[in-house]
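A.B. asks: Attaching a single structure in structure tokens format; questions to follow.
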Amino acid sequence: MNMLGIEPHSGIHMDQRHGVGTFYTLNSPDFFHERTVQFGTLAGLEAFASCYRFNACWMYPRIGHTLAEIPEETQFLIATDGSAYCLLFPLVDLETRCSLSGSRDAILLVAETGDDDTLVQNPLVLYAIEGTDPYDLIRIAAAELVDRLGTCQLRENKEIPRFADLFGYCTYNAFLADITHDRVVSALESFHQNGLDLGYLVVDAGWQSTQGNYMTTFGADRTKFPAGLRETARAAKEHYGLQELLLWHTYNGYWSGVLPGAMPNYAIERRPYRIPDRIRKLMARIDASEDMAAATAGMNFFPTHIIDEPAGIVTPDYRQFYCDFYSYLRECGVDGSKVDAIAWVECFGQNHGGRVRMMRQVMASIEDTSAQCFGGELISCSCCSNDFLYNTQRACVTRTSIDYFPDIPESHGMHVFTNAHTSFWMGEFILPDWDMFQSGNTAGEFHAMSRAISGGPIYCTDEIGKQRFDILRRVSTPDGRIGRCIVPARITRDTLFVDPARDHAAIKVFSRNHIGYVIGVFNCCHDSDALIHVSGQARVEDVHGIVGEQFHVHSFRKGSLGVYARNGSWPYDLAMMEADLFTLSPIEDGWAVVGLVEKYNPLGFVSSLAYADRTLRLDLLEADTLVLWCEHAPRSVSAPYEYHEKDHLLTIHPHHTTVVVDFAEDSYAE
């Protein structure tokens, strides 16, 4: 088993340190700040899936079968020869950042520092690992990368922000930049009147005092927030029970940074964007009609309407700036932040030690001050770059796809497809955030179901009055909590190399709860001229590492599907933009907890389970319809119930969030 072959004259050499995987260095006869080498091949390549940047901030997946199909700016690649897997990770060391691309005969590696004066000779450039289990490989690889690089941390060792377990709302798609105090209150009131109190609120772009694309002060725009942020925070928390208020800003304050002279306590340097020639060539391929007038969410690598003016960069670093900024927001009642455009940091390392050093300085400033002022309540956004990923010690919740576009039908399936792939890699280091969605959109349920299994935060961005509360109640509780899966969703082995657009096939992902497991099946195909149905089989063993021998399977769409052994499978058939979630409940001692079946992720709303002396005690996030599979009827239940002997389903209607079921054997019928 040796898929990766290194070109002997490439200058790529195996590092002397050993682990399960292998690290490689680029040994150059001279010093350089950017170099492309033809370094190797993949023997017996049958298929690959890559995560590549089409935009500085975001990635798409690419499924291919030849080396030439590997796109530029590939930051992660998994390949198979039909029996084994090879995972490639272009690296970021102390000064050098690497990416991959393909040619007809070889894989190419680009090593760059982002600064003409930051020169390297022997950088660490690549990590590779091979084996037969892709899920074990990604776990081992992440641990070895963290240990060797010393600049990042595993997700499992990071503290998950409190808001990740609350139901949220973001103002962006509802109001765009026209956000005001009154509109914040109207949003909170709308949810409250419909019996759903928000757990957290993200006030997105539009709240700040700005001049053009520059930030002018820490405070809010007083024409929009006449009484300041403090009054908005007070109203939200005192009148609507909001638990957390997060505010948006970019890594340097606003799109083009801080206006020179506007904030005299800080030295502001106007720096031009440094964009490598190879990236400018990529940008030249984009038709002007596709160069959306968007900041981070356009189809061009950088937004042409922003990069033409220099950015106002705080020097020598951002630490004091962030300390002052976040201290001010904290005093106003703000609890956290959403930091946008982080990947643009790569453009400002010229004459300052390069892009990697610049990213490390910015992220250390953000992470440290967020921890100090907000307890780490942070969303990292527009940062799907390996510069960011391998330079984060604390940042946990991180957006893993381009923005949610409610009015672009073909984007909905691509959104889920993208997150399924980026989460496979990035989910080892961060908690993936699959972005907000609109429940009232035609694809609202499709998105809601994907968020329910994602393992990340769940928040909507509906226009007020257009919410579908039936959908929102299936991911939340009335007091603003969610039933979050405890690990990031992972794409199943049999759909790792499926391209929905080409193959007209479903994407499957799996995750788990404190109790049991969940499989999601999504029809991500789109055709404006035809309705594409997908059908296939879901399997118990789609869940990697599943524990148990027998499982009750519940479909959100169809209800109970019955009991299945480990080798069991069942069919699905989904129309375009349809999905289904299957809950797999291990059967132990004659019973299995199915969960709150009105929810998309029923077992996510079961917070704890205790079983002793044939008595089962369940704690729930909400007193809602609870279903168990029971081989026999129980002797007693602490709430009204019905037992259906034919399908062995016990349906309970609790009045409280604690339910006790007595399975004493003398209750069993002869």
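The values are calculated or read from the model by the stated rules, or taken from the named source; none is laboratory data. Not measured: the values here are computed from a predicted model. FYI the Cβ positions are ideal-geometry reconstructions off the backbone, even for glycines, and counts take in every protein chain you see. Side chains are part of the model used for accessible areas, which takes the heavy atoms of the whole protein and leaves out ligands, DNA and RNA. Shrake-Rupley method; radii C 1.70, N 1.55, O 1.52, S 1.80 Å.
A.B. asks: Cα to Cα, under 30 Å, and not fewer than 8 places away if on the same chain: which lysines meet these conditions relative to Lys338?
C.D. replies: Excluding near neighbours in sequence, the set is Lys158, Lys224, Lys237, Lys466, Lys508, Lys599.
A.B. asks: While we're here: Could you tell me the distance between the Cα centroids of segment 604-658 and segment 340-354, to the nearest Å?
C.D. replies: Segment 604-658 and segment 340-354 have Cα centres spaced 55 Å from each other.
A.B. asks: Here is a further query. From the Cα gyration tensor of segment 1-155, with a ≥ b ≥ c the square roots of its eigenvalues, which class applies: rounded if a/c is under 1.5, or else prolate if a/b is larger than b/c, or else oblate?
C.D. replies: rounded
A.B. asks: Can you tell me the order of 269-275, 323-329, 520-526 when each peptide is scored by its average per-residue count of other Cβ atoms within 10 angstrom, highest first?
C.D. replies: Working: 269-275: 16.1, 323-329: 18.1, 520-526: 26.1.
Sorting 269-275, 323-329, 520-526 by mean packing, highest first, produces 520-526, 323-329, 269-275.
A.B. asks: Roughly how big is the chain's charge dipole about its Cα centre, with Cβ charges of +1 (Lys, Arg) and -1 (Asp, Glu), in debye to the nearest 20?
C.D. replies: On the way: 53 positive and 87 negative charges, 186 e Å.
The dipole of the chain has a size of about 900 debye.
A.B. asks: Here's a follow-up. Tell me, how many Å apart are the Cα centres for segment 42-87 and for segment 401-418?
C.D. replies: 21 Å
A.B. asks: When the solvent-accessible surface of protein heavy atoms is calculated with a 1.4 angstrom probe, in what order do Arg617, Arg97, Arg155 fall, highest first? Display every interim value, and only then the final one.
C.D. replies: Values: Arg617 115, Arg97 0, Arg155 40 Å².
Sorted by accessible area, descending: Arg617, Arg155, Arg97.
A.B. asks: While we're looking at this one, here's another question. With a 1.4 Å probe and all protein chains in place, put Lys338, Lys281 in order of accessible area, largest first. All intermediate terms of the calculation are to be shown ahead of the outcome.
C.D. replies: On the way: Lys338 10, Lys281 135 Å².
Result, largest first: Lys281, Lys338.
A.B. asks: Using a 1.4 angstrom probe with every protein chain in place, what is the largest-first accessible-area order of Ser256, Ser569?
C.D. replies: Working: Ser256 0, Ser569 50 Å².
If we order Ser256, Ser569 from most to least accessible, we get Ser569, Ser256.
A.B. asks: Cα to Cα, under 12 Å, and not fewer than 8 places away if on the same chain: which aspartates and glutamates meet these conditions relative to Lys646?
C.D. replies: Glu631
A.B. asks: Moving on to the next point. What shape does the chain take by its C-alpha gyration tensor, where a ≥ b ≥ c are the square roots of the eigenvalues and a/c under 1.5 counts as rounded, a/b above b/c as prolate, and the rest as oblate? Walk me through the intermediate numbers first.
C.D. replies: Details: a/c = 1.95, a/b = 1.26, b/c = 1.55.
In terms of gyration-tensor shape, oblate.
A.B. asks: If you line up the long axis of helix 444-454 against the longest principal axis of the chain, both from Cα atoms, how many degrees apart are they, to the nearest 10?
C.D. replies: Computed tilt is about 80 degrees.
A.B. asks: Not counting ligands, DNA or RNA, and with a 1.4 Å probe, what is Thr250's accessible surface area in Å² rounded to the nearest 10?
C.D. replies: We get 0 Å² for Thr250.
A.B. asks: So, one more: Is there a quick way to get the dipole size of segment 1-78? I mean about its Cα centre, with the Cβ of Lys and Arg at +1 and of Asp and Glu at -1; what is the value in debye to the nearest 20?
C.D. replies: Working: 4 positive and 8 negative charges, 35 e Å.
In total the dipole reaches around 160 debye.
A.B. asks: Find the relative contact order for the chain and round it to a whole percent, using C-alpha pairs within less than 8 Å whose residues are 6+ positions apart.
C.D. replies: Rounded, it is 11 percent for the chain.
A.B. asks: Cβ neighbours within 10 Å, averaged per peptide: list 370-377, 130-137, 579-586 in order, most packed at the top.
C.D. replies: On the way: 370-377: 18.6, 130-137: 16.4, 579-586: 24.8.
Order by mean packing, descending: 579-586, 370-377, 130-137.
A.B. asks: I'd like the accessible area for Tyr251, computed on protein heavy atoms only with a 1.4 Å probe and all protein chains in place. Round to 10 Å², please.
C.D. replies: The value for Tyr251 is about 0 Å².
A.B. asks: Continuing with this model, one more query. When the Debye formula is applied to the Cα atoms of segment 549-670, each taken as the same point scatterer, what base-10 log of I(q)/I(0) results at q = 0.22 Å⁻¹?
C.D. replies: Results for segment 549-670 at q = 0.22 Å⁻¹ read -1.35.
A.B. asks: On a 0 to 90° scale, report how tilted helix 134-149 is relative to the longest principal axis of the chain, with both axes built from alpha carbons and the result rounded to the nearest 10.
C.D. replies: So the inclination is approximately 40 degrees.
A.B. asks: Still on this structure: Once the Cα atoms of helix 228-240 and of the chain are each reduced to a long axis, what angle between those two axes, in degrees from 0 to 90 to the nearest 10, is obtained?
C.D. replies: Its long axis makes an angle of about 10 degrees.
A.B. asks: Using the beta-carbon distance between Arg502 and Thr36 and R0 = 30 Å, what value does 1/(1 + (r/R0)^6) give for FRET efficiency, to the nearest 0.05? It would help to have the intermediate numbers written out before the result.
C.D. replies: Values: r = 29 Å, r/R0 = 0.96.
For Arg502 and Thr36, the calculated efficiency is 0.55.
A.B. asks: Okay, next question. Could you calculate the FRET efficiency of Lys281 with Glu189 from 1/(1 + (r/R0)^6), where r is the beta carbon distance between them and R0 is 45 Å, rounded to 0.05? Provide the component values of the computation, followed by the final result.
C.D. replies: Values: r = 51 Å, r/R0 = 1.13.
So, using R0 = 45 Å, E works out to roughly 0.30.
A.B. asks: Relative to the present Cα-Cα distance, how much length would full extension add between Arg557 and Asp147 at 0.36 nm per residue of separation?
C.D. replies: Details: separation 410, 0.36 × 410 = 147.60 nm, distance 4.40 nm.
Once the chain is fully extended between Arg557 and Asp147, it gains 143.2 nm.
A.B. asks: In a shell of Cβ-Cβ distance under 12 Å around Phe582, excluding Phe582 itself, what net charge do Lys and Arg (+1) and Asp and Glu (-1) give? Write out the running numbers ahead of the final one.
C.D. replies: Working: positive: Lys508, Arg539, Arg557, Lys558; negative: Asp542, Asp580.
With Lys, Arg at +1 and Asp, Glu at -1, the neighbours total +2.
A.B. asks: Dipole of the chain (Lys/Arg Cβ +1, Asp/Glu Cβ -1, origin at the Cα centre): which of Ala267, Tyr404, Val637 lies farthest to the positive side?
C.D. replies: Farthest towards the positive pole: Ala267.
A.B. asks: Toward the positive end of the charge dipole of the chain, about the Cα centre and with charges on Cβ (Lys, Arg +1; Asp, Glu -1), which of Met449, Ile342, Phe551 goes farthest?
C.D. replies: Sorting the options by dipole projection puts first Ile342.
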